[in-house]
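The values are calculated or read from the model by the stated rules, or taken from the named source; none is laboratory data. Note that the structure is a prediction, hence the values are computed from the model and not measured. Please note: Cβ atoms are built from the backbone with ideal geometry, for glycine as well, and neighbour counts cover all protein chains shown.
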Amino acid sequence: MPVFLDPPLTRREYAYLTISGLGRPGIGRHEEITSALDLKPSNSWNVGDVNPRNGKPRQSMRWELHSGLDDTHPLREHIDSLLLMLGTREQSLRALWVDYDLILQCVGYYPPMSHGAHFDRELVRQTANLGLALDLDFYFVAEPEN
């Protein structure tokens, strides 16, 4: 009788930009971020919009831009894709960082073993010039169904 093994776990990685916060009075709406950056968000909401997950009003505005790649691409490719989209918008991003949190969200799901991340000097320089904070969320998944 053949033995069927679960497929090996594969790494899944992605990154996206979030801009969030209350902003300045009368300005803290996701439409203002869209206009300032001349980019359509992948996802967005305003203060008071109903969260479909829990039915409660949102407490802050959020604007997201995804890399456009699926989670089988390496994390660095997601980051490079985002930096390419954002690189020509440095001045606009700098104007936003006064009133909003600009975060490069990096997410990874990995088989249970050691994992590390390396950000070279150029990547750190680029994210700093754009005023982006880095948030690294790495998860180790032991079972294929998780």
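Below is a table of values for the structure above.
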read-out: Filter result for the condition that a residue is over 28 Å from Leu123 (Cβ atoms) and among the aromatic types (Phe, Trp, Tyr), over Trp45, Trp63; value: Trp45
read-out: Neighbours by Cβ (under 6 Å, 6+ apart or cross-chain): first from region 116-140, free of Cβ contacts under 8 Å to residues at least 40 places away in the same chain; second among the basic types (Lys, Arg) and exposed (fewer than 14 other Cβ atoms within 10 Å of the Cβ); value: Gly131/Arg94
read-out: Ser44 being small (Gly, Ala, Ser), surrounded by 14 or more Cβ atoms within 10 Å (Cβ to Cβ) and touching a helix residue (DSSP H, G or I) at 6+ places or on another chain (Cβ under 7 Å); value: yes
read-out: The lone exception for Gly68 - which of (1) outside any loop (DSSP other than H, G, I, E, B); (2) under 26 Å from Gly21 (Cα atoms); (3) not basic (Lys, Arg) it fails; value: (1)
read-out: From Leu39, Leu65, Leu86, Leu75, residue being within 19 Å of Leu134 (Cα to Cα) and out of contact with any strand residue (DSSP E or B) (no Cβ under 6 Å at 6 or more places or on another chain); value: Leu86
read-out: Of all residues making up region 79-135, the number that are among the β-branched types (Val, Ile, Thr), in a helix (DSSP H, G or I) and under 24 Å from Ser35 (Cβ atoms); value: 2
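Quick grid of which residues meet (1) over 17 Å from the mean Cα position of the chain (by Cα); (2) under 17 Å from His30 (Cα atoms); (3) surrounded by fewer than 14 Cβ atoms within 10 Å (Cβ to Cβ); (4) modelled with pLDDT of 95 or more:
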{"site": "Asn51", "(1), (2), (3), (4)": "yes, yes, yes, no"}
{"site": "Gln59", "(1), (2), (3), (4)": "yes, yes, yes, no"}
{"site": "Ile79", "(1), (2), (3), (4)": "no, no, no, yes"}
{"site": "Gly87", "(1), (2), (3), (4)": "no, no, yes, no"}
{"site": "Trp97", "(1), (2), (3), (4)": "no, yes, no, no"}
{"site": "Leu102", "(1), (2), (3), (4)": "no, yes, no, yes"}
{"site": "Pro112", "(1), (2), (3), (4)": "yes, no, yes, no"}
